[in-house]
1. Ranked by Cβ crowding within 10 angstrom, fewest neighbours first, how are 71, 111 ordered?
2. Take the alpha-carbon centre of the stretch 42-60, take the same for the stretch 110-133, and report the distance between them in whole Å.
3. Across the Cα atoms of the stretch 31-166, what radius of gyration and what greatest pairwise Cα-Cα distance (Dmax) are found, in Å?
4. Please report 28, 156 as a ranked list, fewest other C-beta atoms within 10 angstrom at the top and most at the bottom.
5. Compute for the stretch 42-97: radius of gyration divided by Kirkwood radius, i.e. Rg/Rh, restricted to C-alpha atoms, rounded to two decimals.
6. Just want the ordering: 165, 57, 97, 124, from fewest to most Cβ atoms lying within 10 Å of their own Cβ.
């Protein structure tokens, strides 16, 4: 009889762990999904700020032209914008995973914290974008004003993303 109780207890522990893993997977998927939506919103806001000021496509058009297409970046406006939206969405998904884990660990959540962490994230993306993507991968050397608008637009992305997720994290 002890054996069957042990076996039953062992089985319930395994089921419990399996249920917890499933719940964690659902939570991760839900969090990433929220980040995709937040990333889409933040990218639209960032792009709405950037395009009229910079009067040029996002660097994703240049990325496409260099590695996939066989024409100038100006020939890929739609592809450049779609690729930019996809990058922004995926970036939002990863931010949500990082940010919401912090929220769960701290037990505190609000738009202010989201906005602050989003600004940090936007700044880090901007620095990475300038030094790795633009300078090394695309071999571009943006002028001072262009770099400034690039940084500000990524801060806008991060602030928008963080505030939006901050208002929705569980």
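Please treat every number below as a calculation from the coordinates, not as lab data. This structure is a prediction, so every number in the text was calculated from the model and none was measured. FYI the Cβ positions are ideal-geometry reconstructions off the backbone, even for glycines, and counts take in every protein chain you see.
1. Listing 71, 111 from fewest to most nearby Cβ atoms yields 71, 111.
2. 16
3. Cα radius of gyration and Dmax of the stretch 31-166 are 15.1, 51 Å respectively.
4. If I rank by nearby Cβ atoms, fewest first, I get 28, 156.
5. Answer for the stretch 42-97: 1.02.
6. The fewest-first ordering by Cβ neighbours comes to 124, 97, 57, 165.
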